Amino acid sequence: MLRLISRPFAVTAGFVVARSFAPCPLCSLRNRRFAPRFVRVSSSASDTNAHLQQQQQHGNGDSSKSSSVSSGLYLVATPIGNLEDITLRAIRILKFADIILSEDTRHSRKLLQYYGIKTPLISYHKFNESERESSVLQRLRQGEIIALISDAGTPCISDPGMELAKVCVNENIPVIPIPGPSALVCALSASGLSTDEFKFVGFLPKHAGSRRERLQVSAVETATQIFFVPPHKLHQFLSEASLIFGESRSCVIAREMTKVHEEFWRGTLGEANKRYSTQEPKGEITLLIEGKANSVNNVPSNDQLELELKELISKGHSLSMAVKLVAEGTSAKRKHVYALALRLYGNQVEPMDDSTQES
């Protein structure tokens, strides 16, 4: 059974050379260290299948469908490029399912053949979702196990399946997510942009006016914005985004993630617009734009404002001047500072004129 080691490695003639620098747990009694060892990388999924068979025999007891997997709609995430980016649980569900709903059966068949999965495939895409829905629901009501996969990544996220999942939820049919690869999370994690808060926008509308309106909404948000962009529309996107976001806004173009020609390009929207004005990249693109800088400072607490008022008064400033200076020196509204001054010093504060009352 293949053992995965999270240490530096190199590939040589079909093998992975694992270089270990930590003491081997089994050899530590003899005070020896790992020597470099070779782990064969299987060109098929035999190791994975063997592990699954062992899991079914020992972990699940009975390997029959009825005891291993409950009926329901399973939303199974599939690799976005590299076929090895799939979970053991996903393979088990795909093996046990009665049918697999697939966005493109020709594309999905390659994945199933790689892992020796013989479950029947049924096409399920945006052009036949509505006509397939009734027959799929009938099979689910009868207690079947149905897996839904897209060409790549997590179903229902800019891919078919959202409406089917909604109907199943409304009818109390179990909807079970099988997590795994996701292009937006993959790109965000390696982008170098803020991950504290982000918004997934996905594909923009085709209509020019609607597209610009959506970009205008994203341009004023402080969260990192994430888009899916077809390669033939990248230059159009960058031209419009540069005008709306500004050429100096940072962006990251993640292309062909997990594949041989994976690329992360980082720079400003203006630089990206120039770079891709004469060349059209190939492959799937996830584009991230940094959020708008928040120029508003945190408002000081009332205790802090009152302390500043008292310090200014002690230095000889009039109450009205102290109010003005505190308001101008902080992000607090002048009206609020004036109310605090009234609470502290009562009638000693001069009434605000019209300019002072501006909030």
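Below is a table of values for the structure above.
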item	result
Residues satisfying the stated conditions in segment 212-227, i.e. charged (D, E, K, R) and touching a residue at least 60 places away in the same chain (Cβ under 8 Å)	Glu221
Residue check, Gly153 of a type outside the set (Ser, Thr, Tyr) and at pLDDT below 95	yes
Criterion (within 16 Å of Thr119 (Cα to Cα) and modelled with pLDDT of 95 or more) met by exactly one of Ile100, Ile86	Ile100
Count - residues of segment 175-193 that are small (Gly, Ala, Ser) and part of a loop (DSSP other than H, G, I, E, B)	3
Out of Ser102, Ser71, Ser108, sole residue that is among the polar types (S, T, N, Q), under 15 Å from Pro181 (Cβ atoms) and open to solvent by less than 50 Å² (accessible area, probe 1.4 Å)	Ser108
Odd one out for Thr258, checked against (1) on the phi > 0 side of the Ramachandran plot; (2) in a strand (DSSP E or B); (3) not aromatic (Phe, Trp, Tyr)	(2)
All positions within segment 266-283 that are open to solvent by less than 40 Å² (accessible area, probe 1.4 Å) and either more than 17 Å from Ser191 (Cα to Cα) or in a strand (DSSP E or B) (or both)	Gly267, Thr268, Gly270, Asn273, Tyr276, Pro281, Gly283
Qualifying residue in segment 180-188 (condition: touching a strand residue (DSSP E or B) at 6+ places or on another chain (Cβ under 9 Å), crowded, with 20+ Cβ neighbours inside 10 Å and over 25 Å from Thr224 (Cα atoms))	no
Selected residue (only one of Leu305, Leu312 is of a type in the set (A, V, I, L, M) and at pLDDT below 85)	Leu312
Any hit, segment 228-242, residues being farther than 23 Å from Lys206 by Cα, touching a residue at least 12 places away in the same chain (Cβ under 8 Å), over 17 Å from the mean Cα position of the chain (by Cα) and assigned to a loop (DSSP other than H, G, I, E, B)	no
Residue selected from segment 113-171 under the condition closer than 25 Å to Pro205 by Cβ and among the basic types (Lys, Arg), by the criterion least open to solvent (accessible area, probe 1.4 Å)	Lys166
Selected residue [surrounded by 15 or more Cβ atoms within 10 Å (Cβ to Cβ), touching a strand residue (DSSP E or B) at 6+ places or on another chain (Cβ under 8 Å) and of a type in the set (D, E, K, R)] from Glu240, Glu290	Glu290
Boolean, Glu306 is in the same structural domain as Arg249 (by the TED database) and either assigned to a helix (DSSP H, G or I) or in contact (Cβ under 8 Å) with a residue 40 or more places away in the chain (or both)	no
Conditions (1) touching a Gly at 6+ places or on another chain (Cβ under 9 Å); (2) closer than 29 Å to Arg255 by Cα: number failed by Leu73	(2)
Matching entry among Glu280, Glu263, Glu284, Glu256 (being of a type outside the set (Phe, Trp, Tyr), assigned by the TED database to the domain that holds Ala219 and more than 24 Å from the chain's Cα centre (by Cα))	Glu280
Filter result for Ser150 (of a type in the set (Ser, Thr, Tyr) and touching a residue at least 24 places away in the same chain (Cβ under 8 Å))	yes
Condition check for Thr222: of a type in the set (Val, Ile, Thr) and closer than 30 Å to Ala332 by Cβ	yes
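Yes or no, residue by residue, for (1) outside any loop (DSSP other than H, G, I, E, B); (2) assigned by the TED database to the domain that holds Ala254:
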position	(1), (2)
Cys156	no, no
Pro160	no, no
Leu164	yes, no
Ile173	no, no
Phe200	yes, yes
Pro205	no, yes
Arg212	yes, yes
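The values are calculated or read from the model by the stated rules, or taken from the named source; none is laboratory data. Quick caveat: nothing in here was measured; it's all calculated off a predicted structure. Ideal geometry is used to build each Cβ from the backbone, glycine not excepted, and the neighbour counts take in all protein chains shown. The area values use the complete protein model at the heavy-atom level, side chains included, leaving out ligands, DNA and RNA. Shrake-Rupley method; radii C 1.70, N 1.55, O 1.52, S 1.80 Å.
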